[in-house]
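Down below is the structure, laid out as structure tokens.
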Amino acid sequence: MLSSDVYRANRDAIMTESTLRAHYSDAELLAWLDGSREYAEHIEECEACRQRALALRLEDNRLHSLLYRAECPPALTLAEYGIGLLSEEERRAIRAHVDNCPLCSQELAWQQQFMHSLLPEEAPAPSLGDQWQAVREGVRVIVAQWVNRLAGGAGTGPGMGMQFAMGPMRGDNQRPMLFDAGELQVTLEFYEDVAHPGRHQLVGLLVGEEDPDLFRVQLWRGKDRVAEATVDELGNFIIDNLPPDQYNLKLIHPKLEIQLNDLEI
Amino acid sequence: MPTLSRQYLQDLADHCAEETHDFFQNGQNACASCLTLFKRAVLEQDEDAWELIYRQYEPLVKGWVLRHPAFLQTGEEADFFVNVAFSRMWQAITPEKCEGFNDIKSALRYLQACTHSAILDSIRQQRSEWLDIDASDVQRQIDAHAAIPNIEDRVQHRIYCKQALIAIQKRMKTPKEHYVLHEMFVLGLKPSEIIRKHPGVFRDVQEIYRIKENILARLRRDKELQKYLA
């Protein structure tokens, strides 16, 4: 029997027009199914409402299992994206999805955490020092755009009317922050630094670069450079022991500099 | 397999073991024997070569599984994911991708991506089932573990779900209904989470439940959609 038939059979058997008003609406039953105690006293006593709730749950479940993550790329495709294996066209499509999908963003962050340090790290990139100064003039500078901070508003559907937030970007470890820098993407996450109570750890991933370990990372607070890190061969970087403040991050390559500005921890 | 070929493969595997050791100890990334073994397994579909790769890297993959940040959430045995990771690599790797393996790091990196995706699929499945709790789930979980679905089945299922989503989206009448359909059913958010994500769009959670009620009622009446919802 279809779930809709179950629903109708239960409803028709139990509810006549005159009794309808004595019972709760489907919306209230749905709230009860989600754990609301507001309607519990009646529903737990009322066989009619319980039967209807059961049928609703069946419908609800079917829809969930059918639609849950129906728009997301397969896990392996997302993982291939994370290691830069996809074609430019595929990469663009996945990036557009990830920018709007907190679940895929989370999975990419797991991947970054997972793939970090499981393979032996190569020797760190040579210090930039004087050599860096010498090529500094030829460097292309890109200010990365934070693309997955969404601002919803009434009258817009999902995927429509998304706006970029203004003001400082706050890392709140709720989900990764994704930045677009032309061909490259950067993901940042902030965690509590367990080794330094009250301080934070910044975990980053650079995607889209064949040799990410040519990049170095610098973290700036105002005019002070407060931390440096290398990027490993998988594009990962970590900076520990950060007090809450506002920072600018630079990913520096001999021919390219990516700036991520106004990061607020 | 002729004895000579088996001996050749075994020699390759022995060299590969040494190269892998060097790679992890000293970062030596030029692993000709390992790459030959990988390419033979994938390009020539040589099951014996594949078995040697499995034997060589099974402990490594198991270590990856145990250290994966989401592994504990799965409630699965590590060996389950080791098997899925290898079979996934076996199924998914194409000659083009394999030709791109220039060193052992790139081959292992792909194996790592397969391991990661095996765990993610389990988490995805679990969350979808967590949203879909009824008595038949116990049997469904047993069925799910009885056989690892192959790529074709997964692709078919994805196409089916996408078609269903498109058909259902067409039945939505207002932007708020689109929001509720997407956030609640596609992303699995609760009404309180939807309110937090879209401040100012909905008055309260009751409004979201009313919209959900309308959506369910409309889909229930729609004969065309019953093939998806049955």
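Rule-based calculations on the coordinates, nothing more; no lab input. Keep in mind that this is a model prediction, so the values were computed, not measured. Neighbour counts run over all protein chains shown; Cβ positions are idealised from the backbone, glycine included.
Here are some notes:
- R0 of 41 Å, Cβ-Cβ distance residue B:21-residue B:221: FRET efficiency to nearest 0.05: 0.05
- Per-residue ³J(HN,Hα) for the range A:218-223, Karplus 6.51 cos²θ - 1.76 cosθ + 1.60, θ = phi - 60°, Hz, x for Gly and Pro: 10, 10, 10, 10, x, 9
- Relative exposure of A:110, A:32, judged by other C-beta atoms within 10 Å (fewest first): A:110, A:32
- The tail of the calculated P(r) for the range B:3-146 beyond 24 Å holds 38 percent of all Cα-Cα pairs.
- Rounded tilt (10° steps) of B:136-146 against the dominant C-alpha axis of chain B: 20 degrees
- Base-10 log of normalised Debye intensity for the range B:151-229 (one unit scatterer per alpha-carbon) at q = 0.21 Å⁻¹: -0.96
- With a cut-off of 13 Å between beta carbons, the residues surrounding residue B:12 carry a summed charge of -4, where Lys and Arg count +1 and Asp and Glu -1.
- Shielding by partners, peptide A:54-63 (average Cβ within 10 angstrom, other chains): 5
- 5 angstrom amide H check on residue A:142, placed H, neighbours 5+ away: A:257, A:258, A:259
- From the Kirkwood radius over Cα pairs of the range A:209-265, Stokes-Einstein at 37 °C and 0.692 mPa s returns a whole-number translational diffusion coefficient of 280 µm²/s.
- In loop segments of the range A:176-233 as defined by DSSP, the trypsin sites (Lys or Arg not before Pro) with at most 12 further C-beta atoms inside 10 Å of their C-beta are A:223.
- Hz values of 3J(HN,Hα) by residue in the range A:54-62 - Karplus curve (6.51, -1.76, 1.60), Gly and Pro given as x: 4, 5, 5, 5, 4, 4, 4, 5, 4
- Extension gain, residue B:30 back to residue B:196 (0.36 nm per residue minus Cα-Cα distance, nm): 54.6 nm
- The ranking of B:16, B:34 by Cβ neighbour count inside 10 Å, starting from the fewest, reads B:16, B:34.
- Summing charges over neighbours of residue B:65, with a neighbour being any other residue whose Cβ is under 12 Å away from its Cβ, gives -2 when K and R count +1 and D and E count -1.
- Within 10 Å of each Cβ in A:107-114, the average number of Cβ atoms from other chains: 5
- Simple Cβ-charge dipole of the range B:3-146, Lys/Arg +1 and Asp/Glu -1, about Cα centre, in debye nearest 20: 360 debye
- Ranked B:74, B:94, criterion: other C-beta atoms within 10 Å, fewest first: B:94, B:74
- Per-residue mean of foreign Cβ neighbours for B:158-170 is 3 (Cβ atoms of other chains, 10 Å radius).
- Under a Gaussian network description of chain B, with springs only between Cα atoms under 10 Å, the residue in B:83, B:29, B:214 that fluctuates furthest is B:214.
- Under the criterion of Cα pairs below 8 Å and six or more residues apart, the relative contact order for chain B equals 14 percent.
- For residue A:236, residues with placed amide H under 5 Å, excluding near neighbours: A:206
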